[in-house]
């Protein structure tokens, strides 16, 4: 078998999305999975699609993020047809709950700005909030509703993307970590793995928070782990499904469970679950939904998100090595941006013109003088 057109270092949700998009456009793709590493981001993700929940007028990626969210409305049925996997897409909106007048004023200002921009946002009074989300705290004085934001099941998405990519011809090598790149005359010719060198026509680095640890990179890649802890509790009986932010955390309903999250900790590659971290996220969840006070804490999870200095991922071509590409550093928005990242990479690869300004994602933005 000859060298693939593209070898992807990393078979998480980002790598899998890129593999599917590239294979859809007719490229031969090899996907290398390092095997079980501690604290993968997808396994510890709540799966939210929240571009408007944290939207800022000065966010250069807002348009990309909204398109990323909407892309799942097209992708979910396509993946179900291709693979039989339901990714559990939820499109009923996300609440931002206010417990103080200052929080309410801030959220109302956000709703007004979003509505001026043509987005579907609403302010719910306390009574409207209780009607919309029975079981929410009686201390809540209102909420902003990002009516088109939502969520999906991250594990199901990853499974579906892998199945779709391999059905389109992608080869998947499990337990094959990319230890380093082989670069000759400013071109990457392959990668070093524990079993030897594998040749490739081009390489895409998509190894999450481990991306910057790959040897032989042309220059340092500023991707570092950010630990996030979550807890899972049974969803309160008789309470309708919802996703709510507030009280310093969030609660996501999925498959009869309440996913409470999430911490943001700079703890290196430490994947420990701590009592203080779990107490923080569970406390926020119980403030949002008092019925959770009686619920026993089930699973406790810690994941490592790939963070960057400016909070934006690296997506695109290396500025010096023309056949080296990056799709790394997605931080807390890996699930939201996964499918869109695949489309951006594949589009750039085959010369399609993007409707968005992609310069905020430029892999060389920290290397330019």
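Where a number appears in this text, it was derived from the coordinates with a stated rule and is not lab data. Just so it is clear, the model here is predicted, and its values are computed rather than measured. A quick note on method: Cβ atoms are made from the backbone with ideal geometry, for glycine too, and the neighbour counts reach across all protein chains shown.
Points worth noting:
- For the stretch 330-369, the alpha-carbon coordinates run over 31, 29, 15 Å along the three principal axes, in decreasing order.
- With coordinates expressed along the principal axes, the C-alpha atoms belonging to the stretch 114-236 extend over 65, 32, 29 Å, beginning with the largest.
- Among 11-20, 205-214, 128-137, the order from most to least packed when residues are scored by Cβ within 10 Å on average: 11-20, 205-214, 128-137
- Compactness of the stretch 217-369 - radius of gyration and Dmax, Cα, Å: 19.1, 58
- Approximate shape of the stretch 138-205 as ellipsoid semi-axes (Cα gyration tensor, √5λ), whole Å, largest first: 42, 17, 13
- If you wrap the tightest convex hull around every Cα atom of the stretch 175-262 and split its volume per residue, you get 155 Å³.
- With N counted as the residues of the stretch 1-152, its alpha-carbon radius of gyration over 2.2 N^0.38 Å works out to 1.32.
- Between helix 334-349 and the chain: long-axis angle, C-alpha atoms, 0 to 90°, nearest 10: 30
- For the stretch 254-303, the spherically averaged projection of the C-alpha convex hull amounts to 3.8 nm².
- Normalised contact order of the stretch 29-99, rounded percent, pairs of Cα under 8 Å and 6 or more residues apart: 25
- Using only alpha-carbon positions in the chain, the gyration tensor eigenvalues give semi-axes of 37, 21, 19 Å once each is multiplied by 5 and square-rooted (largest first).
- Column: log10 I(q)/I(0), Debye, Cα scatterers of the stretch 1-76, q = 0.22, 0.23, 0.25 Å⁻¹: -1.09, -1.11, -1.15
- Cα-Cα separations in the stretch 32-107 greater than 22 Å, expressed as whole percent: 48
- Linear extension gain, residue 56 paired with residue 25, 0.36 nm per residue minus alpha-carbon span: 7.8 nm
- Alpha-carbon gyration tensor eigenvalues x 5, square-rooted, for the stretch 111-155, Å: 20, 18, 7
- For the peptides 166-178, 290-302, the ranking by packing is 166-178, 290-302, with the highest mean count of neighbouring Cβ atoms within 10 Å listed first.
- FRET efficiency for the residue 367 to residue 187 pair, using the beta carbon distance and R₀ = 22 Å, is estimated at 0.75.
- Paramagnetic label zone (point 7 Å from Cα along Cα-to-C-beta, residue 299; backbone N under 15 Å) in the stretch 5-40: 39-40
- For the stretch 236-277, the Kirkwood hydrodynamic radius comes to 12.3 Å, computed from all pairs of different C-alpha atoms.
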